Amino acid sequence: MSDTYLGMPSFPQAKASTRDTRLRANLTHATRTIRDKRARAVAELDDWAQLREAGKRIKDRTLRHLDDHLVQLEQNVTAAGGTVHWAADAAEANRIVADLVKATGEREVVKVKSMATQEIELNEALAAEGITAYETDLAELIVQLGEDRPSHILVPAIHRNRGEVRDIFAAKMGEWGRPAPEGLGDSPAELAEAARLHLREKFLRAKVGISGANFMVAETGTLVVVESEGNGRMCLTLPETLISVVGIEKVLPTWRDLEVFLQLLPRSSTAERMNPYTSFWTGTSDGDGPRNFHLVLLDNGRTDTLADEVGRQALRCIRCSACLNVCPVYERAGGHAYGSVYPGPIGAILTPQLRGTASAVDASLPFASTLCGACYEVCPVAIDIPEVLVHLREQVVERDGPGHRTERAVVRAGSWLLDHPAALGAVERWASRTRGLHPRRLPTAVARAWTDSRDLPELPEAPFRDWWRKSR
Amino acid sequence: MTVPAKGSSRERILARIRAAVQDAAEPPPVLRDYRDSHQPDDPARLLDLLAANLADYRAVVHRCTGAELPAVIGRILAERGSRTLLVPDGVPEDWLSGTAVERVRDHPPLAPDRLDAVDSVLTGCALAVAETGTIVLDAGPGQGRRALTLVPDHHLCVVRTADQVVASVPQALPRLDPSRPQTWISGPSATSDIELDRVEGVHGPRTLEVVLVG
Ligand code: SF4
């Protein structure tokens with residue numbers, strides 16, 4: 001685990017961001033809007049429950065035989081003209097990509113938004129080798145030009161409003177390429193137009209593209225990228241060389257399996273019947289798209305996660321971000337608070353598993369949740385996030401013993417909540433609405449770290465804040 | 001095929017996977033008891049649904065008979081003021097009989113900046129999915145390579161309603177060849193990245209017009 005690196009600013013960053021009322025207002029607006037739209041998109045399909053169960057089972061069966069599917073995928077990508085590389089950790093993946101880019105003689109790459117490349121901090125690794133990576137997703141562009149961090153899986157710049165985006169574009173575009181038009185206004189349409197012009201010159205001359213993938217099909221060697229803006233198509237189609245960095249858990253056994261996930265993902269993610277653009281490619285094609293295709297299969301802690309009987313279900317995740325939008329803690333705290341590229345409920349179970357809980361920060365992540373269960377209900381592949389959270393809490397305590405570091409982790413999560421009254425209020429409200437879902441006792445020693453007794457506090461008779469203060 | 005060295009990351013990752021799952025039970029089988037389609041089997045209704053869903057995602061939809069098609073294409077290009085039209089190989093000659101705009105061919109293959117200078121591109125498609133309002137391109141005849149429908153700002157796409165419309169995603173996949181590069185298009189390029197305000201058209205064609213013929 002020591003090699004696993006997920007790129008994490010420290011937890012105290014949360015304080016600055018939560019106190020920003022604008023961020024909170026933006027986030028509240030965003031999460032509520034997406035949540036309502038999503039409910040309508042899902043309600044259009046009366047077989048959602050069956051699709052969800054199928055998605056869950058396909059992923060579980062794939063993970064059980066992940067070795068076979070990856071070997072088959074490798075064979076088929078190779079047969080179709082691609083080259084497959086295997087990276088055990090972030091450093092190895094970054095080294096492979098940097099070497100591939102250098103071999104082309106290029107010093108610039110265009111990138112389509114990918115969680116995996118953020119996870120390994122590929123841009124920073126390339127910069128260290130003198131290679132500039134241009135982010136091309138509008139939100140990622142805002143984040144990159146603003147020297148900022150993404151705060152949401154789906155809308156990474158949701159913490160910026162239009163005025164801020166205008167200022168960033170006006171000040172920074174010139175440093176990276178074509179400057180923003182004179183007198184740039186702040187309507188989203190004008191800002192999108194500025195991004196179109198700024199990025200077009202980069203797309204048209206790009207020789208190397210870097211992507212992730214939403215799905216990889218073992219039986220055909222096909223990769224699939226789901227997107228909205230068309231920057232993905234640009235990166236996947238125009239360059240001569242395409243390098244895709246993909247987590248090993250993204251493989252699906254069959255072409256047919258896509259019929260489940262291409263229904264689950266768009267509706268659950270952007271609340272659309274289908275996202276504007278989905279690209280499929282299998283190796284290379286004569287005269288159409290890149291002449292060279294490299295697939296980098298990334299482990300970086302995934303096999304550790306796979307080894308955990310309870311925790312491995314996190315590998316089913318299709319990164320739809322629905323769990324973020326229903327989470328009362330996320331809504332109040334914002335994505336930066338989770339201190340990793342995977343925010344919200346999924347981040348709280350994925351980050352500590354990918355990276356381990358060796359640091360106090362990571363050990364505290366499983367505690368920054370209310371166990372209200374909304375994330376599980378909304379998850380299109382039925383990941384029981386509360387179950388994994390409780391399991392990880394147990395692990396932290398069992399390994400370290402009660403007291404000492406564990407206590408500090410709990411105190412840390414607890415004081416984080418106390419530092420953020422809005423988040424805490426949400427926790428209390430949700431907790432009282434979902435009382436039936438709370439275990440009366442936390443398993444084993446975890447509870448001892450929280451209170452002297454093994455019973456959970458009654459809600460809402462003993463208000464959380466009072467209870468917390470008394471029990472410290 | 002990459003020949004892995006012994007002790008390579010490939011072997012290590014595969015060994016770690018095997019160790020991780022060796023004691024895991026076989027998960028339950030996949031039940032495909034979800035629907036093959038959410039629509040009644042009625043071609044006229046499917047077509048209406050396709051038109052409605054395309055329009056809902058801001059594509060401009062036209063419907064006409066085969067005989068009317070050349071005139072419809074001519075009118076669309078005239079109204080837009082297009083002077084150049086990119087025509088991939090395999091577009092039937094008679095589709096173009098109602099327009100005098102300059103035709104641009106992709107051979108030898110045009111560089112990206114040449115594609116950027118073209119006003120419009122005219123293609124057919126592999127199929128269309130009614131439930132999702134999706135046009136599928138697979139680089140087959142009359143569609144060209146992927147860049148042709150990506151760089152120009154105006155994409156005009158003709159769907160033959162008699163044999164190219166399916167109801168649903170589960171009905172679409174078996175008809176498609178995974179070895180061909182595919183682009184599924186559901187409305188023009190869009191973003192909601194700034195304050196969740198939807199803006200049509202970022203990097204792909206900002207205007208998508210679909211002609212349902214038949
Ligand atoms: S855990 Fe489930 S709901 Fe959350 S991002 Fe992953 S798939 Fe979506």
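When Rg and the Kirkwood radius Rh are both evaluated on Cα atoms of the range B:38-213, their ratio Rg/Rh stands at 0.95. The three principal axes of the Cα atoms in the range B:67-113 give end-to-end lengths of 33, 23, 13 Å, sorted in falling order. Counting only protein heavy atoms and a 1.4 Å probe, the range B:65-118 has 54 square angstrom of accessible area per residue. Under 5 Å between amide hydrogens, built in the peptide plane, is the criterion, and for A:LEU252 it picks out A:MET216, A:VAL217, A:ALA218 among residues at least 5 positions away or on other chains. The mean number of Cβ atoms from other chains found within 10 Å of a Cβ in peptide A:221-229 is 4, as a whole number. Note the buried accessible area between B and A here, summed over both chains, with a 1.4 Å probe, in Å² to the nearest 100. The buried area between B and A, both sides summed, comes to about 7600 Å². Expressed as a fraction of 2.2 N^0.38 Å, the C-alpha radius of gyration for the range A:160-203 is 1.03.
Which whole number gives the average count of other chain Cβ atoms within 10 Å of the Cβ atoms across peptide B:28-39?
Neighbouring Cβ atoms belonging to other protein chains average 6 per residue here.
Entry note, chain B: the mean residue ellipticity at 222 nm calculated from DSSP H runs of n ≥ 4, each adding -39500 (n - 2.57), is -6500 deg cm²/dmol after division by the residues and rounding to the nearest 500. Across the range B:98-138, the residues whose backbone nitrogen lies under 13 Å from the label position 7 Å along the beta-carbon direction of A:ARG205 are B:113.
Rounded to the nearest 0.05, what FRET efficiency do A:GLU44 and B:THR65 give with R0 = 30 Å and r taken as the Cβ-Cβ distance? Could you check? My answer for the efficiency is 0.45.
Over 32 Å apart at the Cα level, from the set A:LYS37/A:LYS111; A:LYS172/A:LYS207; A:LYS56/A:LYS207, are A:LYS56/A:LYS207. Here the spin labels are modelled as points 7 Å beyond Cα on the Cα-Cβ line, and at B:ASP23 and B:ALA162 they lie 6.4 nm apart. Please name whichever of B:VAL30, B:GLY74, B:ILE13 sits farthest to the positive end of the charge dipole of chain B, dipole taken about the Cα centre and charges placed at Cβ: Lys and Arg +1, Asp and Glu -1. Highest projection toward the positive end goes to B:ILE13.
Could you tell me the calculated FRET efficiency between B:ARG75 and A:ASP167, based on Cβ-Cβ distance and R0 = 51 angstrom, to the nearest 0.05? E(calc), rounded to 0.05, equals 0.70. With a 10 Å cut-off around each Cβ of A:301-310, the average count of Cβ atoms from other chains is 4. Report the paramagnetic label zone for A:GLU147: residues of the range A:107-137 whose backbone N is under 20 Å from a point 7 Å from Cα along the Cα-to-Cβ axis. Counting backbone N atoms under 20 Å from the label point, the list is A:121-136. Which of the residues in the range A:258-294 show a loss of at least 30 Å² in accessible area from their chain by itself to the complete set of protein chains, at a probe of 1.4 Å? For the range A:258-294, once contacts with the other chains are taken into account, A:GLU259, A:GLN263, A:GLU272, A:ARG273, A:MET274, A:PRO276, A:TYR277, A:THR278, A:PHE280, A:THR282, A:SER285, A:ASP288 lose 30 Å² or more. Within the straight-line cut-off of under 16 Å between alpha carbons, the aspartates and glutamates reachable from A:LYS202 are A:GLU106, A:GLU108, A:GLU135, A:ASP137, A:GLU140, A:GLU175, A:GLU193, A:GLU229, A:GLU240, B:ASP113, B:ASP116, sequence neighbours fewer than 8 places apart in one chain being disregarded.
Helix B:9-21 and the longest principal axis of the Cα set of chain B meet at an angle near 70°. FRET efficiency for the B:ASP197 to A:ARG291 pair, using the beta carbon distance and R₀ = 56 Å, is estimated at 0.90. Placing a label point 7 Å from the Cα of A:GLU309 along the Cα-to-Cβ direction, the residues of the range B:8-35 with a backbone N closer than 12 Å are B:23-25. Normalised size of the range B:1-103, defined as Cα radius of gyration per 2.2 N^0.38 Å with N residues, equals 2.09. The packing ranking, built from the mean of other Cβ atoms within 10 Å per residue, places the peptides B:45-55, A:49-59 in the order A:49-59, B:45-55, highest first. Label separation (B:ALA117 vs A:GLU175): 3.5 nm, computed from points 7 Å beyond Cα along the C-beta direction.
The values are calculated or read from the model by the stated rules, or taken from the named source; none is laboratory data. These numbers were taken from a predicted model, which means no experiment stands behind them. Note that each Cβ is placed from the backbone with ideal geometry, even for glycine, and that neighbours are counted across all protein chains shown. Note: accessible area is taken over every heavy atom of the protein model, side chains too, but ligands, DNA and RNA are not part of it. Shrake-Rupley method; radii C 1.70, N 1.55, O 1.52, S 1.80 Å.
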